[in-house]
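Asker: If you scroll down you'll find the structure; I have some questions about it.
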Amino acid sequence: MPNSVHLTVATVIYQNGAFLCVEEVDNGRSVINQPAGHVEAGESLIEAACRETLEETGWRAQPRYLLGLGCYTSPQNGESYHRVTLVCEAIERQTETIDPDITQVLWLTETELRERQGEHRSPMVMACVEDYLAGTQYPLEIIRDYR
């Protein structure tokens, strides 16, 4: 059993009736996810969320509130992923150049996400959409940075 824990961030961005998503390849399979990735050394959770969103989608994001915390153990590798999800506003498209691991940037409606649930990278994708639609939110001030 792997003994490492991964700290990740994700952003939920809703605009004009659709959620900002990415399509990426995971273990040879094309999957749908929110913009997400690992927190790097020396980086705050908010900085990581903004960086990952920009790198994966080309969109500059402004965090508005914390959506929640999640934990997922991958059946492929047994690793634990702890995810901090922020709701953000898409401010502007900064660049067309995105992370080469991303095959496509998508804006998907709730219906489209439900129809494509078998393509989601993990159950956290739909759970975060459902939390967002339910109005779940926590102030960003709950995230403390002691650097």
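Asker: Given the structure, is PRO100 closer than 20 Å to VAL25 by Cα and open to solvent by 50 Å² or more (accessible area, probe 1.4 Å)? Give the derivation first.
Answerer: On the way: closer than 20 Å to VAL25 by Cα: yes; open to solvent by 50 Å² or more (accessible area, probe 1.4 Å): yes.
Judged against the criteria, PRO100 is a match.
Asker: How about the range 69-124: which of its residues are of a type in the set (Val, Ile, Thr), assigned to a strand (DSSP E or B) and more than 14 Å from GLU55 (Cα to Cα)? Explain how you work it out, then say what you get.
Answerer: To start, the set of residues in the range 69-124 that are of a type in the set (Val, Ile, Thr) comprises 73, 84-85, 87, 91, 95, 97-98, 102-103, 105, 109, 111.
Still in the list and also assigned to a strand (DSSP E or B): 73, 84-85, 87, 91, 102-103, 105.
THR73, VAL84, THR85, VAL87, ILE91 - these are the residues of the range 69-124 that are of a type in the set (Val, Ile, Thr), assigned to a strand (DSSP E or B) and more than 14 Å from GLU55 (Cα to Cα).
Asker: So which residues in the range 35-68 are part of a loop (DSSP other than H, G, I, E, B) and open to solvent by less than 10 Å² (accessible area, probe 1.4 Å)?
Answerer: Once the filter is applied, which keeps residues that are part of a loop (DSSP other than H, G, I, E, B) and open to solvent by less than 10 Å² (accessible area, probe 1.4 Å), the range 35-68 yields PRO35, GLY58.
Asker: Same structure again: Please work out which residue is nearest to GLU130 (Cα to Cα), limiting yourself to the range 69-79 and to residues that are surrounded by fewer than 14 Cβ atoms within 10 Å (Cβ to Cβ) and touching a Ser or Thr at 6+ places or on another chain (Cβ under 7 Å).
Answerer: Our first condition is that a residue be surrounded by fewer than 14 Cβ atoms within 10 Å (Cβ to Cβ); within the range 69-79, this holds for 69, 71, 73, 75-78.
Retained after the next criterion (residues that are touching a Ser or Thr at 6+ places or on another chain (Cβ under 7 Å)): 71, 73.
On the way: CYS71: 16, THR73: 20 Å.
The residue in question is CYS71.
Asker: Name the residue that is nearest to the chain's Cα centre (by Cα), counting only residues in the range 4-34 that are open to solvent by 50 Å² or more (accessible area, probe 1.4 Å) and farther than 13 Å from ALA90 by Cα. It would help to see each step written out before you state the result.
Answerer: Step one: filter the range 4-34 for residues open to solvent by 50 Å² or more (accessible area, probe 1.4 Å), giving 5, 7, 14-16, 25, 27-30.
Among the residues that remain, those that are also farther than 13 Å from ALA90 by Cα are: 5, 7, 25, 27-30.
Values: VAL5: 17, LEU7: 12, VAL25: 15, ASN27: 18, GLY28: 20, ARG29: 18, SER30: 16 Å.
Restricting to residues being open to solvent by 50 Å² or more (accessible area, probe 1.4 Å) and farther than 13 Å from ALA90 by Cα, the top hit is LEU7.
Asker: Okay, moving on. For the range 125-142, enumerate the residues that are among the hydrophobic types (A, V, I, L, M, F, W, C), surrounded by fewer than 16 Cβ atoms within 10 Å (Cβ to Cβ) and either in contact with a Leu (Cβ under 7 Å, 6 or more places away or on another chain) or not in a helix (DSSP H, G or I) (or both).
Answerer: Within the range 125-142, ALA134, LEU140, ILE142 meet the criteria.
The values are calculated or read from the model by the stated rules, or taken from the named source; none is laboratory data. Quantities reported herein were computed from a predicted structural model and do not represent experimental measurements. All Cβ positions, even for glycine, are placed from backbone atoms using ideal geometry, and neighbour counts span all protein chains on display. For the accessible areas, the whole protein counts, side chains as well, though only heavy atoms, and no ligand, DNA or RNA atoms are used. Shrake-Rupley method; radii C 1.70, N 1.55, O 1.52, S 1.80 Å.
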